Amino acid sequence: MTSPGLFQRVLSTCKTIAVVGLSPDPERDSHEVARYMQTHGYRIVPINPNATEVLGERCYPSLTTAAAALALQGERIDMVDCFRRSTDIPPIADEAIAIGASCLWLQIGVVNETAVETARAAGLDVVMNRCLMVVHARL
C-alpha cells in the first residue's frame, strides 16, 4: 500500500518526468496522462524509439539517452513513469537507478515486484499499479 504522504512528496519534488512508452497517438492513455501532467507544470521527456517528438518535446530512444541529453542542459530526470508491459519493467528499473531518478512510477496494470524491490533497495520511491494523473487530480 502506498501512502498519501508518499504521493504528496513525489509530486512536489519530481518535476521532470520521463514517460517510457509515451505514444504520439492522442487516444492512448500514455498521451493523455503526459499531456495532463504537462499542463500542470511538469516537464515531460518522451521515451519512445519509434517517435521523434511527442507533446512538443523531443523523443528519446532510451532513458540513458534522454538523461545524457538533459545533463548537457544541467537538468535531470526525477521520475520514470512506465507505460510498458509488466515483463518489460526490470531493465527500465535498472536504467532508472543508473540515471539517478528518484522515483519509479508504474501505471495501472503494470506490476513487477522484482523491479519494485530492486528500485526500492537502490533508494528510489516506487509507486505501482496507480495512475499518475488520477493521483495528481485527487491531491
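Condition check ((1) touching a strand residue (DSSP E or B) at 6+ places or on another chain (Cβ under 8 Å); (2) of a type outside the set (D, E, K, R); (3) buried (at least 17 other Cβ atoms within 10 Å of the Cβ)) across all residues:
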position	(1), (2), (3)
40	no, yes, no
52	yes, yes, no
56	no, yes, no
59	yes, yes, yes
65	no, yes, no
69	yes, yes, no
75	yes, no, no
92	yes, yes, yes
106	yes, yes, yes
| Yes or no: residue 65 touching a Cys at 6+ places or on another chain (Cβ under 6 Å) and farther than 21 Å from residue 134 by Cβ? | no
| Would you pick out the residues in the stretch 108-123 that are in contact with a Ser or Thr (Cβ under 6 Å, 6 or more places away or on another chain) and either crowded, with 16+ Cβ neighbours inside 10 Å or within 16 Å of residue 63 (Cβ to Cβ) (or both)? | 110, 112
| request: Go through the stretch 109-125 residue by residue and tally those that are assigned to a loop (DSSP other than H, G, I, E, B) and in contact with a strand residue (DSSP E or B) (Cβ under 6 Å, 6 or more places away or on another chain). | output: 2
| said: I need the full set of residues from the stretch 44-80 which are among the acidic types (Asp, Glu) and assigned to a strand (DSSP E or B), in order please. | reply: 53, 57
| query | Which of (1) more than 18 Å from residue 29 (Cα to Cα); (2) assigned to a helix (DSSP H, G or I) is the odd one out, the single condition residue 133 does not satisfy? | reply | (1)
| query | Give me the pairs: first residue in the stretch 2-28 and assigned to a strand (DSSP E or B), second residue of a type in the set (Phe, Trp, Tyr), beta-carbon distance under 9 Å, and six or more apart or on different chains, which are they? | reply | 16/42; 17/42; 17/105; 18/60; 19/83; 20/83
| Taking residue 81 and the conditions (1) surrounded by fewer than 17 Cβ atoms within 10 Å (Cβ to Cβ); (2) among the charged types (D, E, K, R); (3) in contact with a Ser or Thr (Cβ under 9 Å, 6 or more places away or on another chain); (4) touching a residue at least 24 places away in the same chain (Cβ under 8 Å), which numbered condition does it fall short on, given that it satisfies the others? | (1)
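Only the coordinates and a few stated rules stand behind these numbers; no lab work does. Keep in mind it's a predicted model, so treat the numbers as computed, not measured. Using ideal geometry, Cβ is built from the backbone for each residue, glycine included, and neighbour counts are taken over all protein chains shown.
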